[in-house]
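Worksheet: one structure, shown below.
The values are calculated or read from the model by the stated rules, or taken from the named source; none is laboratory data. No experiment lies behind these values; they were computed from the predicted model shown. Cβ: placed from backbone, ideal geometry, glycine included. Neighbour counts: every protein chain shown. With ligands, DNA and RNA removed, areas are computed over all heavy atoms of the protein, side chains included. Shrake-Rupley method; radii C 1.70, N 1.55, O 1.52, S 1.80 Å.
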Amino acid sequence: MLLLLLLAIAFTVNGALLPTFLDPYNLADGTFNFSEKALIALPMALLIIIREIDISVAGILALASVAMGMAHSAGAPPASLLPIALATGMACGCLNGLLVTRFALPSIVVTIGTVSLFRGLASVVLGDKAYTGYPQIMADWGQGYFFDFIPREFVLLLVLAAGFALVLHATAWGRRIYAIGNNPVAARFSGIPVERYRLALFVLTGLMAGLAAWLLTGRIGSTRPNIAMGWELEVITMVILGGVSIAGGAGTMGGVLLAVLTLGTVTYGLSLANIPGIYMTIVVGVLLLVTIALPRLLRGKKEVAK
Amino acid sequence: MTFLKLREVQLALLTAALILLVGWRAPVFLSGGSLANLLTDSTLLIMMALAQMLVLVTRGVDLSVASTLALSGMLAALLASQHPELPLLLVMLTAAGIGLLLGLVNGYLIGYLQLPPIVVTLGTMSVYRGMVFVLSGGAWVSSHQMPPEFIAFPLSRLFGLTHLVWIAAVAVLAAWYLARHGRFGRDLYAIGNEPASARYVGIPIAQRLLWTYGLSGLMAGLCGYLWVARYAVAYTEIAYGFEFTVIAACVIGGISIAGGSGSVAGAVLGGLFLSVIGNALPVVKVSPFWQGALTGAIILTAVLINSRGGLGKGRQILPLHKIQPQARRSAT
Amino acid sequence: MQMNLMAAPAPVPAPNTPGRAPLDRQAAPVLKLSGISKRFAGIVALNQVSLSVRPGEVMALIGENGAGKSTLVKTLTGIYQPDEGTLELDGKPLRFSSAQDATRAGITAVHQESVMFDELTVAENIYVGRHPRRAAGRIDWRRIEAEAEQLFERLEVALPVRARVKDLSVAQRHFVEIARALSQDARVVILDEPTAALSQREIQELYRIIDQLRAAGTAVIFISHKFDEIYAVADSYTVLRDGQFVAEGALNDISEQELVALMVGRAVHQAYPKADVTPGEVLLAVDGFCHPTEFQDVSFQLRRGEILGFYGLVGAGRSEVMQALFGLSPAARGKVTLDGREINIGCPADAIKHGIAYVPEDRQQQGAHLSLPILHNITLPILNQLGFLLRGRRKQENAVARHFAEQLELKAHNLCQLVSELSGGNQQKVVLGKWLATRPRVIILDEPTKGIDIGAKAAVHRFVAQLVTQGLSVILVSSELPEVLGLADRVVVMHQGHIINEYSRAEATPEIVVAAASGVQLAAGEQQ
Amino acid sequence: GKPPADEKIRIAMVVKNLGNGFFDAAHNGARQAAGELKNVEIIYTGPTTPSAEGQIEIINSLISQKVNAIVISANDPNALVPIAKKAMARGIKVLSFDSGLAPEGRLMQLNPSNAELIGAKQIEMAARAAGGSGEIAILSASAQATNQNIWIGVMKKVLENPEYAGLKLVATTYGDDQSDKSYREAVGLLRSYPHLKVIISPSTVGINAASKAVVDEGLVGKVAVTGLGLPSEMAGHVKSGAVREFAIWNPIDLGYTITYAAYDFVKGDPAAKPGGSVSAGRMGKIALDANGDGAMAPPFVYDKSNVDQFSSIF
Ligand SMILES: Nc1ncnc2c1ncn2[C@@H]1O[C@H](COP(=O)(O)OP(=O)(O)OP(=O)(O)O)[C@@H](O)[C@H]1O
Ligand SMILES: Nc1ncnc2c1ncn2[C@@H]1O[C@H](COP(=O)(O)OP(=O)(O)OP(=O)(O)O)[C@@H](O)[C@H]1O
Ligand SMILES: [Mg+2]
Ligand SMILES: [Mg+2]
C-alpha cells in the first residue's frame, strides 16, 4: 500500500520535474536498468518466503556468462547458449541447495562461501581476458524490442512475474511454500517434502540467474569477471522492499513487482536528473528503512515496547 | 564445553598447519618479520570479527560495518587533514564516536523498533557508504594531506609490537571480559539463545541490542581511523565488501549465525585464519586468478567442518535429545 | 450420533493431607490485586480482576483455556503492565516495569512457556539476567555455581550445575526453572501449569517442594487444569472466566463438579464415552521397530475400529515411535504391515498415502501454521487431491474445510481467520480437522488434550470415541491415565524406549499401568 | 542533428567512476573548454564503482535526456558498444577518451598518450629505478581493466628489447583497486622476491598501496615504486622516497581536448572524421587515424622537483 503510494509519488514528481521522464520511449528504455535484476528477484522472493536467502546469485550469473563465453568460443551454436546458461545456473543453485539441505547449514553462510567460489571460478577461466562477440540472437533478446517499442526483457519479466504470481498465489506449490515459510516443522509434519522444496527453489534461483546471465550478456555483449558485481544486495533490497518478510512466510509477487517498478522509477528519475549513482544508494537505503520502519512507528511505540 | 573447546583447538591447529605448509612452500613466510606483519595485518579483521561476534550472538547481523568503517575513516582523515593541529587522540576519539553514533542508529532501529537486523543494516550500509561520498565530495584524502603522526601511529612500535597489535590485544581482552565476565555480554548470549525467554527473565533486550550495535559501530569507527592511517589513503570505496569477510571470519570461527553461541577465541582464530590465507596466497605464488575460487572453497570447507559438530541442532526436526543412551541400552 | 455415556464419578481426593498446618485466614495478605485489567489489541484478557494471597497459602488459580490465568501471571511478574488496577505487596503499592523489578520485589514465577537458554549452563540459567557480581562488574561464577548447588540440595534434586541445559531431559529442565523461581527466596511463587511435563514421581517431588514453601511462609499461586493435583496441593482457589474474577474460597468447601461449573459457567460431565464398537481384524502391524537412540524392538498391532492406548512417562519414547511410524525419522528400521501387506514409509507423504495420520503433541510447533488461515491449515495435506490449480477449486476447498470445522464444532468467525487468533482448544480442533480431511484409516493422536481445558477436553474425548464408529482405528498416546484407561480398548505401556507390556481394557488398572510405566516389572507377573 | 545556434550544446562526460581524482581533473579541463566555447554545458557523471553495467544505465538516461554528445572513458570496450550504437542512432555523438570503446561504438577515441608510449615510459622509469638491471614486478588494478592490460602487454613487449635485457619481470598481481588487497599483494611481492628492485603499478590505488608497503617494510632505497599516479595523491610518497618518479598524462588537457572534439562533431565540422582532425583550442589540432584514434603527448614524468607544483592542480 505504502509502496503503491511511493510509486505514485515518484512517478508524479519525476514527471513534473523532469521534462524527458514521461516520454514513453524513455520509460520503456528505463526498464532495461532493472529487468535482469528483477528476474532474479522473483525466485529470491520465494526463497526468502521459505526462510532462506541466496547471496551468490551474482556469482552464479557471472559463472553462467563465462560458461556461455567458453561454449561460444569453442564453437557452440548460438541456440545452445541459453540452455548452457540455464544449466550452469541450475548446477550452481543445486550446489547451494545441496549444501543447505544435506548439511543443514544456514543458507546465508553457504552462499557467502559459494559466491566467492563462483566468481573465483569465473576469474580462473577468464584470467585477464574477456569473451565478446556473442551471436545476434542474444543481442536481440538482451537489448531488442517488440514492435520497436517494448523491450523484450521487460516483456519477459512481466510474463515470468505473472507466472511466478500464479504459482505462488493460485497453486498447491505456492500454498506449500507459504506453509514452509510459516512453520517448517509443521509443514514437514503435514507431509510436505520440505527439503525438496528448499532444494528446488535454490535450483530455480540458479536457473533464473542463468536466464539473467543470458540476457545481460546479450545486452552488453561481453563477459568479464566483475559482471553484475554487487547485484545480490540490490536484488534482496527489491524483495524486501516488496514486503516479503525476512522472517519468512509472508510476501506477495505483486509487492515485489511493485517494488521493482518503484525502485526503477526512482533510480531512473535520479539518473535523468544526473544525480550520481551514489546518491541513489542513499535514497534506496532510506527507502528500505522507511518502508519497514514507518508501519512500526505508525502503530505506535506503546505496543512495540510490550 | 570440552567439545566446543575442541573445535577452537582444531581451528588453531589448522591455522598453524596452514602457516607451516605455506612456510614449507615459501620459507620467507616463516621469517620473524613476515609473521609479525601477518599479525599486524590480521588485527583489523580480528577486531571487526570480535564486534560482529557479539552481534551474531544476539541472533543479529551487522552488514553496515564496512560502510561505518569507511565513513568514520573518511571523516577522521578529513578532520586531520583540515585541522592538523588537533591532537591525534582527539581524532581517534572522533572516529570512534562517529562509529558509535552510526551503530546506535542501527541499534535503535533493531532494538527499540524491533526491525529485522539484516534489513536495517542492509539499508544503513547503503546510506553510510553514500554519505562517505557526499561528505568527501568523492575526493581522495592522500598521504601528504594527512599529518605525519596520523599516519605513523598504527605501525609505530611499542615494546617491539605495532600499536595495531596492542590495540587489537586490548580489544580481545575487553571482548573476552565482556563475553565471559560481564553481565552485558552474558545477557547477549541469553538473548540470542531464546529472545522470548530473555524477556521473561527481565533482560532489557532493546537496550542491550542498542548498545551491541553501538559497540559494533564503535569498533568499526576505531578501525576506520586505523585503516585509513595504516594505508595512508581515504576514499569512498575503502573496505568495500569487507562486511562479508568479517562475517566469514566469524563463521569460520564457529560462531553460529543462528545466535546464542560463539566465543572470542573463535572470532580471533577465524580472523587469523582468513588473514593467513590472504597473506599466504600472494607469497606461495598461486595464480592471482585462482585466489577467489580458493578462498571460497576454503570458507566452504571450514563451514562444513564446523557444521559437523552442530548437526544435531539446527534443522533436525525430530530432536535426538540425549537421555543417556547408556541407560536405555542397559534396560534391554 | 448415539453414544454410550459412561458417567464415571470423579474421585475427589481427600482434601488437605494430614499434618498440614491450618491456614490463618485472618493473616494480612502478602499480595493483593485490585481491579487489574489488561487488553491486547481489541481483546480484553483481564477485566477488573482482584485477588489476594496470604503467607503460607497455596492458592489454585483455575479457569478454562484463555481465561486469562497466564496473562495474570505475566502482569504480576512485570512482563506485562496492567492497563488499570493496583498491585500491593505487604500493603505497599508497586508498579513493575520489567520482570527484574518483580523478582527484586519478591514475586517469581515458573511460566507456562519454557524459559530456558539451551546453550547456557544449568547454574547460569538460574541466575541469567541477574548474575551476582564482584568488584568491577565481574560476574561471580563461583558464587553462582555454589548457590545453584545449594539450591538443588535443598530441592533434593540431583542436577549437574555445569551441564548445558540442552543436554537435559524435559523434566530436568523444568526443575531448573523451578530452581530459578526459588533462588530468590521470594515472597510469592507462581507455578503456571508446572506439572505438564512431569512424571508421577516428579510431580510428587514438586508437591514436596510446594510443602516446603508453605512451611516457610511463602505464598504460592498454583495453576493447573488437573483437579487431582489442585486438591492435592492447594488450600484455596480462585476461579477466572473470560478474564473476569468469578469466585474464591477454600477448597475444603467445594466439590470438583462445583468448581467445574464455576469455571465453565455450566455443568460438564467429565466422562469417557466409550463407543460400542467391537474391534475387527488386524489393520496395522508394527514389528521389530528400532531406532538407534530413541527406542528398540517395538512391536504392536492395531485392529480395525480399535482405540489403542499408549501410556508412559514423558520421555518414554512414545512420540518417537509414532513419528517414526509416520515417516518422520529416517533412522528408524522395522517392518510395518497394513492390511497384511508390508508397506514402506519413507516420509510423511507416504504415510498419508497409506491412510495414516499423525496429530502431533506440540500443537504450536508441529501441528498448526499459526499465521495462516484455518482454511489453508485444514487443506494443506490434501492439496494434491484438490488439484494443482487452486483458484478454480475455491468452492470445493471451502466445502471440505467447512465440513470438518462443523463436525468438530470449531468456534471461529470464518474460515479465513488466522489460527493464531484461536484459543488452544480450537487450535487443536483445526489440527484434528486437517488430519481428518485426509480421510485416514489410522489416526495417531499424540497427547490430544495436552494443555486444553476441561470443556474442550470433553469435546475431544467425545470426538475420539465417535471416530471409531466411523470405522477408523485410533492410536491414542497420552500421559493422562484416566484418559487412556477411559477410552482405550487396549493399553500399551512404554518405558525407556521399550514396550513393557500390553493390557486389555479389563486388565488395565491404574496401579498396574503406572507401575509398568515406571519400569516396575512385577506388575505383569502379578496378572498371571 | 545540428542544434539551433542559440541552444546550449550539452556534452555529457561519462567517467569510469566518480570520486576518482584523475577524472575530476579531466572534468576541470572540460569546464575550461566549455567556458571558452561559450554555449556548452558539461554533464559530469559516472557510476560509483567502475562497472560497465553502471555506465550503461547512465548512458541510457543520457539518451533519454537527448544530450548532444557523450564522451566516455569506458569500463569495458565491448559491453558499451550496443548502447553507444543506440545513442548514435538517436543522433548523439559518442566519443571516447582515456580508456577507449571499440571502434564501432564511437566516432573517435582520444588516447591520453598512446599505449606504446605509456608502456615504454613505465619500463623506462623502472629501468632507471633499478639501475639498469634486476627483478621487477607489476601490481595492476584488476584483471579486467582494459587499459591496464594493454599497457602490461606493451611493457612485456618492450622488455624484450635488448636494452632492457637486464630487467626481469617476475610477477604480475592484481590488487582489485582496494588498498588493503593491493597492500597485501605488494607485501607478498616484497617477501617472495627478496631481490625485487622495482614495483610498477599502473593504477592509482596500487601505486599508493605499494609505496606504503615499501615504507612500512623499511625497504625505501632498496625497492622503488613507479607507475602511473596523480601528483596530488603521490606527493607524500615521493617525499618519503618510496617513489622516485612516476608518470601521468595531463588529465586536464585530456578533458579539455575531448570537449573541443565533441563540440566539433556536434557542429558537424567536416574535418571531424577518421583520417581527419579536430581542433582543440590551446592544444592545437589533433590528427585522427583511420580508426578515429587520436593521441596526445607522451606521459609526463613527475619527481621530487615538480610534484609539489602539480599536486595542488590534480
Ligand atoms: N500477547 C497477547 N496478544 C494478544 N492476545 C493475547 C496475548 N496473550 C494472551 N492473549 C489472549 O488473552 C487471553 C487470555 O490468555 P491466557 O494465556 O492468559 O489464558 P490462560 O488462562 O493462561 O489459558 P491456558 O489455560 O490455555 O494457559 C486469550 O484469549 C489469549 O488469546
Ligand atoms: N533434552 C531435551 N531437549 C529438548 N526436548 C526434549 C528433551 N527431552 C525430551 N524432549 C522432548 O520432549 C518430548 C517428550 O519426550 P519423548 O517424545 O521422548 O517422550 P514421550 O514418551 O513421547 O513423552 P510424551 O509424549 O508424554 O511427551 C519429545 O517431543 C522430545 O522432543
Ligand atoms: Mg496459560
Ligand atoms: Mg511425546
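Scanning for something in a helix (DSSP H, G or I) and crowded, with 21+ Cβ neighbours inside 10 Å, does the stretch B:232-242 turn up at least one residue? Break it down into steps so the answer makes sense when it comes.
The initial filter retains those residues of the stretch B:232-242 that are in a helix (DSSP H, G or I), namely B:242.
Now restrict to residues that are crowded, with 21+ Cβ neighbours inside 10 Å: B:242.
Looking for residues that are in a helix (DSSP H, G or I) and crowded, with 21+ Cβ neighbours inside 10 Å, one finds at least one in the stretch B:232-242, hence yes.
Give the residues of the stretch D:131-141 that are over 20 Å from D:Asn114 (Cα atoms) and buried (at least 23 other Cβ atoms within 10 Å of the Cβ), sorted by residue number. Outline the logic, then answer.
Start the filter on the stretch D:131-141 by keeping residues that are over 20 Å from D:Asn114 (Cα atoms), which leaves D:131-137, D:139.
Within the stretch D:131-141, D:Ile136, D:Ala137, D:Leu139 meet the criteria.
Hey, among the residues in the stretch D:153-202 that are open to solvent by 30 Å² or more (accessible area, probe 1.4 Å) and aliphatic (A, V, I, L, M), which one's nearest to the other protein chains (Cβ to nearest Cβ)?
D:Val170
Looking at the stretch B:126-135, which of its residues are more than 7 Å from every other protein chain (Cβ to nearest Cβ) and in contact with a Ser or Thr (Cβ under 8 Å, 6 or more places away or on another chain)?
B:Tyr128, B:Val132
Has the stretch C:170-177 got at least one residue that is farther than 27 Å from C:Pro132 by Cβ, more than 14 Å from chain B (Cβ to nearest Cβ) and not charged (D, E, K, R)?
no
What are the residue pairs meeting all of these: first residue in the stretch B:226-245, first residue at the interface with chain D (Cβ under 8 Å from one of its Cβ atoms), second residue among the acidic types (Asp, Glu) and surrounded by fewer than 24 Cβ atoms within 10 Å (Cβ to Cβ), Cβ atoms under 7 Å, and 6 or more apart or on different chains?
Here the result reads B:Tyr231/D:Asp180, each pair linking the stretch B:226-245 to a residue that is among the acidic types (Asp, Glu) and surrounded by fewer than 24 Cβ atoms within 10 Å (Cβ to Cβ).
Give the residue that is surrounded by the most Cβ atoms within 10 Å (Cβ to Cβ), with candidates limited to residues of the stretch C:400-453 that are within 16 Å of ligand 2 (Cβ to nearest atom) and assigned to a loop (DSSP other than H, G, I, E, B).
C:Pro448
Against the definition (modelled with pLDDT under 90, of a type outside the set (A, V, I, L, M, F, W, C), away from ligand 4 (no atom under 16 Å from the Cβ) and in a loop (DSSP other than H, G, I, E, B)), how does C:Ser329 come out, yes or no? Spell out the reasoning first.
On the way: modelled with pLDDT under 90: yes; of a type outside the set (A, V, I, L, M, F, W, C): yes; away from ligand 4 (no atom under 16 Å from the Cβ): no; in a loop (DSSP other than H, G, I, E, B): yes.
In short, no.
Anything in the stretch B:144-156 that is assigned to a helix (DSSP H, G or I) and open to solvent by 10 Å² or more (accessible area, probe 1.4 Å)? List them, or say none. Step through it out loud before you land on a result.
Taking the stretch B:144-156 first, the residues assigned to a helix (DSSP H, G or I) are B:144-145, B:148-155.
Selection gives B:His144, B:Gln145, B:Pro148, B:Glu149, B:Ile151, B:Ala152, B:Phe153, B:Leu155.
Select, from C:Leu328, C:Leu375, the only residue that is within 16 Å of ligand 2 (Cβ to nearest atom) and within 13 Å of another protein chain (Cβ to nearest Cβ).
Numbers: C:Leu375 fails: within 16 Å of ligand 2 (Cβ to nearest atom).
Result: C:Leu328 is the single residue among C:Leu328, C:Leu375 that is within 16 Å of ligand 2 (Cβ to nearest atom) and within 13 Å of another protein chain (Cβ to nearest Cβ).
Is there a residue being within 16 Å of ligand 3 (Cβ to nearest atom), within 30 Å of C:Ile454 (Cβ to Cβ) and crowded, with 21+ Cβ neighbours inside 10 Å anywhere in the stretch C:199-218? Step through it out loud before you land on a result.
Here is the first cut: in the stretch C:199-218, the ones within 16 Å of ligand 3 (Cβ to nearest atom) are none.
No, the conditions are met nowhere in the stretch C:199-218.
Filter the stretch D:59-105 down to the residues that are within 22 Å of D:Asp177 (Cα to Cα) and facing another protein chain (nearest Cβ under 7 Å), then identify the one that is most open to solvent (accessible area, probe 1.4 Å).
Initially, the stretch D:59-105 is screened for residues within 22 Å of D:Asp177 (Cα to Cα), giving D:72-80, D:97-101.
Next cut, facing another protein chain (nearest Cβ under 7 Å) only: D:76, D:78-79.
Details: D:Asp76: 5, D:Asn78: 44, D:Ala79: 1 Å².
Looking at residues that are within 22 Å of D:Asp177 (Cα to Cα) and facing another protein chain (nearest Cβ under 7 Å), I get D:Asn78.
Working only within the stretch C:454-493, note down all residues that are buried (at least 22 other Cβ atoms within 10 Å of the Cβ), within 16 Å of ligand 4 (Cβ to nearest atom) and assigned to a helix (DSSP H, G or I).
C:Val484
In the stretch C:337-347, is there at least one residue being within 16 Å of ligand 2 (Cβ to nearest atom), modelled with pLDDT under 90 and within 14 Å of chain A (Cβ to nearest Cβ)?
no
Consider D:Gly46 against the criteria (1) open to solvent by less than 30 Å² (accessible area, probe 1.4 Å); (2) out of contact with any helix residue (DSSP H, G or I) (no Cβ under 9 Å at 6 or more places or on another chain): it satisfies all of them except one. Which criterion is unmet?
(2)
Go over the candidates C:Glu281, C:Glu202, C:Glu258 one by one and state the one that is under 30 Å from C:Ala324 (Cα atoms), among the acidic types (Asp, Glu) and modelled with pLDDT under 85.
Values: C:Glu281 fails: modelled with pLDDT under 85; C:Glu258 fails: under 30 Å from C:Ala324 (Cα atoms).
The unique qualifying residue is C:Glu202.
Looking at the stretch C:284-304, which of the residues that are surrounded by fewer than 19 Cβ atoms within 10 Å (Cβ to Cβ) and part of a loop (DSSP other than H, G, I, E, B) is modelled with the highest pLDDT?
Going through the qualifying residues, I end up with C:Asp297.
Residues in the stretch C:59-84 that are open to solvent by less than 10 Å² (accessible area, probe 1.4 Å), more than 12 Å from ligand 1 (Cβ to nearest atom) and part of a loop (DSSP other than H, G, I, E, B): how many?
Here the count works out to 2.
Is there any pair linking a residue in the stretch B:14-41 that is on the phi > 0 side of the Ramachandran plot to one that is exposed (fewer than 14 other Cβ atoms within 10 Å of the Cβ) and of a type in the set (Gly, Ala, Ser), with Cβ under 7 Å and at least six apart or on different chains, and which?
Taking only residues 6 or more apart or on different chains, not a single pair turns up.
Which of the residues belonging to the stretch D:295-304 are modelled with pLDDT under 80 and not aliphatic (A, V, I, L, M)?
The answer is D:Pro298, and nothing else.
What number of residues within the stretch A:111-143 are within 27 Å of A:Asn96 (Cβ to Cβ) and within 14 Å of chain B (Cβ to nearest Cβ)?
Residues of the stretch A:111-143 that are within 27 Å of A:Asn96 (Cβ to Cβ), as a first pass: A:111-127, A:130-131, A:134, A:138, A:141-142.
Those still in the list that are within 14 Å of chain B (Cβ to nearest Cβ) too: A:111-127, A:130.
The total comes to 18.
Just to be sure before I move on: is C:Ala105 among the hydrophobic types (A, V, I, L, M, F, W, C) and within 9 Å of chain B (Cβ to nearest Cβ) in the structure I sent? Even if it seems obvious, please write down each step before you answer.
On the way: among the hydrophobic types (A, V, I, L, M, F, W, C): yes; within 9 Å of chain B (Cβ to nearest Cβ): no.
No; evaluated as a whole, the condition is false for this residue.
Take C:Leu308 and decide whether it is more than 16 Å from ligand 1 (Cβ to nearest atom), under 25 Å from the mean Cα position of the chain (by Cα) and without any contact (Cβ under 8 Å) to a residue 60 or more places away in the chain. Let's see the steps before the verdict.
Values: more than 16 Å from ligand 1 (Cβ to nearest atom): yes; under 25 Å from the mean Cα position of the chain (by Cα): yes; without any contact (Cβ under 8 Å) to a residue 60 or more places away in the chain: no.
Judged against the criteria, C:Leu308 is not a match.
Looking at the stretch C:310-324, can you tell me whether even one residue there is out of contact with any strand residue (DSSP E or B) (no Cβ under 9 Å at 6 or more places or on another chain) and more than 12 Å from ligand 4 (Cβ to nearest atom)? If you could, list the steps in order and put the result at the bottom.
So in the stretch C:310-324, the residues out of contact with any strand residue (DSSP E or B) (no Cβ under 9 Å at 6 or more places or on another chain) come out as C:314-315, C:320.
From what is left, the residues that are more than 12 Å from ligand 4 (Cβ to nearest atom) are none.
For the stretch C:310-324, residues out of contact with any strand residue (DSSP E or B) (no Cβ under 9 Å at 6 or more places or on another chain) and more than 12 Å from ligand 4 (Cβ to nearest atom): absent.
C:His498 passes all but one of (1) within 16 Å of ligand 4 (Cβ to nearest atom); (2) outside the structural domain of C:Ser299 (by TED's automatic domain parsing); (3) open to solvent by 10 Å² or more (accessible area, probe 1.4 Å); which number fails?
The one condition C:His498 does not meet is (2).
Looking at this structure, is B:Ile191 in a helix (DSSP H, G or I) and either free of Cβ contacts under 8 Å to residues at least 24 places away in the same chain or crowded, with 22+ Cβ neighbours inside 10 Å (or both)?
On the way: in a helix (DSSP H, G or I): yes; either free of Cβ contacts under 8 Å to residues at least 24 places away in the same chain or crowded, with 22+ Cβ neighbours inside 10 Å (or both): yes.
Considered against the rule, which asks whether it is in a helix (DSSP H, G or I) and either free of Cβ contacts under 8 Å to residues at least 24 places away in the same chain or crowded, with 22+ Cβ neighbours inside 10 Å (or both), B:Ile191 comes out as yes.
When you go through (1) touching a Pro at 6+ places or on another chain (Cβ under 7 Å); (2) open to solvent by 30 Å² or more (accessible area, probe 1.4 Å) one by one for C:Val514, which number turns out not to apply?
(1)
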